[in-house]
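Data first, discussion second: the structure below is written as structure tokens.
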Amino acid sequence: MSYLPHILITDALIYFLLVLVVGFAVYASRHEHLRAPWRQVFNRPLAVAALMVLSVYISIGLADSVHLRERISDTGADRADMEAQYSHQVISLLDIFLGSLRQHSEKTYSMPFATHAFSMETVIGQDGSVRREHPRLLYGGAHLKDISKRGQDIAVKTVTGILVGLIAWLLFAVLIIKVVAVRTHMAAGALWLRIKRGDTRFPWRSALSTGAVISAIVSALIVLSGNYHVLGTDQVGNDVLYKSLKSIRTGLLIGTLTTLVMLPFAVSLGIMAGYLRGWVDDVIQYTYTTLSSIPGVLLIAAAILSLQVYMTANPEQFTTVAERSDMRLLFLCIILGGTSWTGLCRLMRGETLKLREVDYIQAAVALGVPTRKIMLRHIFPNVMHIVLISVVLDFSGLVLAEAVLSYVGVGVDPAMDSWGNMINGARLEMAREPMVWWSLSAAFVFMFGLVLSANLFSDAVRDAFDPRLRKR
Amino acid sequence: MSDLLLEVNDLKTWLDTESGTVRAVDGISFTMQQGETVAILGESGCGKSMSALSLLQLVPSPAGRIEAGSVRLEGRDILQFAEKQMREVRGKRIAMIFQEPQTSLNPVMTIGEQIREVLPDRESLSQEAARTEVLRLLTAVGISDVKRRYDEYPHQLSGGMKQRAMIAMALAGSPDILIADEPTTALDVTIQAQILDLLKSIQNTTGMAVLLITHDLGIVSQSADRVLVMYAGQIVEQAPSDLFFSRPRHPYSQKLFRALPGRGKRGARLEVIPGAVPPLTTQFSGCRFVQRCERAQQICHETVPAWHGENNWGVRCHFYDTEEPVRNASETSAVTTAEQKSPGEAFLKVESLKIHFPIQKGILRRTVGYVKAVDDISFEINKGRTLALVGESGCGKTTAGKGVLQLIRPTAGSVNYLGKELTQLSRGELRALRRQFQIIFQDPYASLNPRMLVSDIVAEGLDALQTGIDATSRQQKINALLEKVGLNAEAGLRYPHEFSGGQRQRISIARALAVDPQLIVCDEPTSALDVSVQAQVLNLLKQLQDDLGLSYLFITHDLSVVEYLAHDVAVMYLGRIVESGTLQEILDHPAHPYTRALLSAAPVITRGGDKPVAHEVIKLEGDIPSPSDPPRGCHFHPRCTVAESRCRKHFPETTMLTTTHSVRCHLQK
């Protein structure tokens, strides 16, 4: 089967961001003043564990950002002269990996690990009798001949999954230890003993054990999700695990693209206001004071609603559903960025005000260094740590903001998978009797994992980069 | 005077850091008697403050710990005391004052409340009695108008007054020992003299012992009975004050004396102590000073020197009994050559320069007044000469320096450089001229961008000139500059934080030299440095002047540096130059009462061999008034000992005593 790559605007931005991050990593590795604090971050066990969890999220998000359109195979012979036809449905690399999970749709709600639907249905038997019952699910536990063996089957599958995961990780870990041992010129056995004691510079013990836990969970989920809906299904019968995984990209995008939009404004305007003073300072200060006194939700609602009107008026510009929801997501990022740059800008201005009186800036002025160069070479690198700290601290806030906005109804496209939409949907589900709790719980668990690890990681980053916290 | 009060024995205080265990205090022993002033003398980082903190068990924990030793206060080892017992010692038996009065006082409590907090029997005292006691203490430390001061906050007090309040707090518990950790380093010379006097007089009335921690030989010479010289965590020499100054025995002490700048050493190179204090994380197998000692022998590397001599007069050196080699042949001969240099033509003329900062109040930011930081000053700088701008902090000397460079645009007046009026130039025209004037700052830690490589810092001026030189010749130029200031070429590949204060100051100088300037404004370039390092920087500045014909505008408060380096001197007080002339004229025939007071207040080191010069100290009362509200008439009259009624009415006009010597004082007409 062949595919046609389909690059959405947000995909392109993510690739751009990825290039930036890689570029920064290369740059940082060549500059001692940047390398040292990062080394400190990577020497903290908790930070490394958090980063490993984060990287699982990120790799899922990245896999979900490679979009493709499937080729529709023509009935009969594939003629060369005929132009290939591609589906209008855009799928991602993640969809291909998840394979069956996407297509395993039931009719409607089902509990996690259920074999039968959640609600009763009227079924007409072969003999014409009408019965009310919980019908069997199409996929959930469909392989079971004897439904009473379900518990046993789940247990066996879980243990198998965990064992497979652990063994795979063990092999991988052995490989890593071997490589590290060769690179540090140590015997692998001695290195292993030191790792066990936690006596290594890089916290290998935490890294390897976190990896083992992640690997076990992932592998168990893979084994189980083939035969069950591990997190149940939603109203239209879609697998909740699949939805939750698809939501990761949305959360990550909001968290990172918003920053990408906001940073140039906040940093350049903040530095300009602080360094140039005078009327420039006045204009920038009034702008952000005015902007920050308008309620953010109001602006966001206005922007999103007007975009919606535009999209309905010009349907021809958006060929696929994915493009429509993508446009809305991008717009949300831009408007979120537009409302949230003021805080960082204010910080930048204050720090620059402090820096412009510092002796080395004065010396640069005395040497006749042009103003633009002073801002770029002297001030910018010295406020970088604040930018970094606020970016990682803001990230989790933005992920949460998306959930709140979608809940209010001005967030991402309702058709798009996002934790906010899942929570929004849960409004009605929670009102049912008996309650449908799994959508909300799944959204909560996934979001919690992302935000918690992001927060832990950003704490470590702040500790390493904030000069006031630096140990002497 | 012979009652043994404190006996410190083999005290060791170690700090755990990431780079290893720092042996900040490594086995020091000394005693203190009642009523005695013992000075601990040492450069920064030698462990003198840590020793003082150890006595009170105030070592920063958890990193620091007292590893061994005993501190016996009247026979009882207070290091064994629990925290609760220790509280009885702190403040009541041993009190401490710190270097920075600014940060030692709580800014949101009034002075009175803060002192009342530390009264020993505050629970039993009534509100009224406590107040009376605080007022008594404030009066005792020489604060005037105590009833008003009682209700004032720290920011309303001047630096000297704050240090007095700190001393009042220390005296509240009537301690037996007062530890004074660099009590005057943050203060001006005239205020320093006041505080040292105050300590002396309190000591005379109460019989308290003082442990004075300082880096300043002058202070030691003036106030100490006994001197302990610390080096790298150890006491290397201990001697009664007069013996120490007449015959220092440790090579380190001897070198310290020779590194001091002063008038007698004009023209000659100052003796420098090469290298730096070894890191205290090292395990020493020999003498700690060995790397910097020119008399070091094989034995110094291999054996840790023992304590030679008695307890009160001894030294830790293998060669304590050999005399210091005689050296003064070069000194006198060089003086004449330097003085004979004819004054070049004036190339920078500053006339009636005024820099006023508006004070704005209210929502509409209306200007309600001006801080007249620089108020009508004029001077000239000649080619190849050094003009020293002398004054106490807050007198506007730094502002004047920046005004000359147009880093702060002057309010009025003219700065004329070879016929070009700098104050009238546009930003672009000025930028082209910038390279002619450079500046070196006081704080070596703030003057270099921590995010840039040293070679990029040095090349900054070259890049700004846009000479379009190619990479190799740029690199060659950088290396040449680094070598010129005594650094290796490979220093360019490192970041500023890897260098010590003195080395950083050299990098600053290299950066300034890169653009071939005519004039360098040196804004207290050595005041943050230790004596031995200061000598290196002063030597370098002097040599550069001789080689390149640079002119310096040397801003400083340190008269010994002025005596060593300057050709002309201008004395500033509260934004105005009160007296200016050549070095000889100012030093030998000071005409203004303020100049005389300033000269007499500077601590003079009397070395035993010399006949003590008749040294009458003119004591200045009070503090420098605020430049936003200067006194009417002559700015100096409230503190002047010879003021007359006309001094209160008009600011005196300039009187020319000779062609070069001018003064602004009514009494010199």
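Quick notes on this structure:
- With Cα atoms, 0 to 90° folded angle of helix A:419-431 axis to chain A main axis: 50
- Computed over region A:144-225, the P(r) curve from all C-alpha pair distances, binned at 10 Å from the origin, holds 18, 37, 23, 14, 7, 2 percent per bin.
- Each 10 Å bin, from zero up to the one with the longest distance, holds this percent of the alpha carbon pairs of region B:538-669: 11, 37, 33, 15, 4, 0.
- Rounded to two decimals, the Cα radius of gyration of region B:50-102 over 2.2 N^0.38 Å is 1.16.
- Peptide A:373-380 - average C-beta neighbours from other chains (10 Å radius): 2
- Legend: calculated FRET efficiency, A:Arg136 to A:Leu175, from the Cβ-Cβ distance at R0 = 45 Å, rounded to 0.05, equals 0.50.
- Taking N as the residue count of region A:281-421, its C-alpha radius of gyration divided by 2.2 N^0.38 Å amounts to 1.38.
- Placing +1 on the Cβ of every Lys and Arg and -1 on the Cβ of every Asp and Glu, with nothing else charged, gives region B:4-245 a dipole about its Cα centre of roughly 500 debye.
- Packing order of peptides B:99-109, B:22-32, highest average first: B:22-32, B:99-109 (average count of other Cβ atoms within 10 Å over each peptide's residues).
- Relative contact order [Cα under 8 Å, 6+ residues apart], region A:247-465, whole percent: 28
- Two-decimal log10 I(q)/I(0) for the protein assembly as shown, as the Debye equation yields it once each C-alpha is a single scatterer, q = 0.04, 0.05 Å⁻¹: -0.33, -0.49
- Across every pair of non-identical alpha carbons in region B:1-137, the mean reciprocal distance, once inverted, gives a Kirkwood radius of 17.1 Å.
- Beta-bridge orientation, the protein assembly as shown: approximately 65 percent antiparallel, per DSSP, counting only bridges with both partners inside.
- Against chain A, whose longest principal axis is taken from its Cα atoms, helix A:204-225 shows a tilt of about 30°.
- Cα convex hull, region B:4-245: 131 Å³ per residue, rounded to a whole number.
- Solvent-free Debye calculation, one equal scatterer per alpha-carbon of region B:426-538: log10 I(q)/I(0) at 0.20 Å⁻¹ equals -1.09.
- Chains B and A, summed buried accessible surface - 1.4 Å probe, Å², nearest 100: 2300
- Dipole of region B:201-323 [Lys/Arg +1, Asp/Glu -1 at C-beta], most positive-end residue of B:Pro274, B:Asn204, B:Gly264: B:Gly264
- The phi-based Karplus calculation (6.51 cos²θ - 1.76 cosθ + 1.60; θ = phi - 60°) puts the 3J(HN,Hα) values of region A:20-33 at 4, 4, 4, x, 5, 4, 5, 4, 5, 5, 9, 10, 4, 5 Hz, whole numbers, x for Gly and Pro.
- Averaging 1/r across all pairs of distinct Cα atoms in region A:338-425 and inverting the result yields a Kirkwood radius of 15.8 Å.
- Value of relative contact order over region A:144-225, rounded to a whole percent, pairs C-alpha under 8 Å and six or more apart: 52
- Inter-label distance, nm, simple model (7 Å from Cα along the C-beta direction), B:Thr139/B:Glu67: 5.1
- Ligands, DNA and RNA aside, A:Leu307 has an accessible area near 10 Å² when probed at 1.4 Å.
- Two-decimal log10 I(q)/I(0) for chain B, as the Debye equation yields it once each C-alpha is a single scatterer, q = 0.06, 0.08, 0.11 Å⁻¹: -0.37, -0.68, -1.28
- For region B:428-478 and region B:64-106, distance of Cα centres in Å: 49
- Annotation for region A:265-363: GluC sites (Glu not before Pro) lying in DSSP loop with at most 10 further Cβ atoms inside 10 Å of their Cβ are A:Glu357.
- In region A:144-225, a dipole from Cβ-located charges (positive for Lys and Arg, negative for Asp and Glu) runs towards its positive end, and of A:Ser209, A:Ile167, A:Gly189 it is A:Gly189 whose Cα lies farthest in that direction.
- Distribution of pairwise C-alpha distances over chain A, 20 Å bins, in %: 19, 47, 29, 5, 0
- Qualifying lysines (Cα of each under 25 Å from Cα of A:Lys196; at least 8 residues distant if same chain): A:Lys178
- Per residue, the convex hull spanned by the alpha carbons of region B:488-611 comes to 157 Å³.
- Cross-link partners of A:Lys373 among aspartates and glutamates (Cα-Cα below 19 Å; sequence separation of 8 or more within a chain): A:Asp281, A:Glu351, A:Glu357, A:Asp359, B:Glu429, B:Asp456, B:Glu460, B:Asp463
- For chain B, with +1 on Lys and Arg beta carbons and -1 on Asp and Glu, the positive-most of B:Leu405, B:Leu487, B:Ile94 along the dipole: B:Leu405
- Rounded to the nearest 20, the Cβ-based charge dipole of chain A about its Cα centre (Lys and Arg +1, Asp and Glu -1) stands at 2120 debye.
- The calculated FRET efficiency for the pair B:Gln80 and A:Leu376, based on their C-beta separation and a Förster distance of 56 Å, comes to about 0.40.
- With both residues required to sit in region B:4-245, DSSP beta bridges show an antiparallel share near 60%.
- Entry note, region B:346-668: relative contact order of 20 percent, from Cα contacts under 8 Å with a spacing of 6+ residues.
- Here chain B is treated with +1 on each Lys and Arg Cβ and -1 on each Asp and Glu Cβ, and its dipole about the Cα centre works out to around 1640 debye.
The values are calculated or read from the model by the stated rules, or taken from the named source; none is laboratory data. Only a predicted model underlies this, so the values are computations on that prediction, with no experimental measurement involved. Note that each Cβ is placed from the backbone with ideal geometry, even for glycine, and that neighbours are counted across all protein chains shown. Only protein heavy atoms, including side chains, enter the accessible area calculation; ligands, DNA and RNA are left aside. Shrake-Rupley method; radii C 1.70, N 1.55, O 1.52, S 1.80 Å.
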